[in-house]
């Protein structure tokens, strides 16, 4: 049996920093819709609060292993908005 650790800090309304034994991540949004930036990529999370039903979809692949992922969240969010805008136009 392995031990696990997880702690979540609310930074601002709708913004959480999560710390665990696997690393640090950021989550933006509420219980029904949120976006998570983790070491394995960026995810969109959709759930029906109170039911235990949820869906998680990968939006991006993991960052490169060279450690040059500065402003990663800004680039990911900008790309997500651009893709979403393109989908609406077509």
* Structure fact -> Scanning the range 33-51 for residues that are loosely packed, with under 14 Cβ neighbours inside 10 Å and modelled with pLDDT under 90, the one farthest from residue 81 (Cα to Cα) turns out to be 50
* **Near pairs, Cβ below 7 angstrom, 6+ apart or cross-chain, from the range 33-55 (part of a strand (DSSP E or B)) to any residue that is at pLDDT 90 or above and exposed (fewer than 11 other Cβ atoms within 10 Å of the Cβ)** => 46/55; 47/53
* Structure fact -> Within the range 56-67, the count of residues that are part of a strand (DSSP E or B) and either surrounded by 10 or more Cβ atoms within 10 Å (Cβ to Cβ) or modelled with pLDDT under 80 (or both) comes to 4
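The values are calculated or read from the model by the stated rules, or taken from the named source; none is laboratory data. All values derive from a computational prediction rather than experimental measurement. Positions of Cβ are generated from backbone atoms using ideal geometry, with glycine treated the same way; all protein chains shown enter the neighbour counts.
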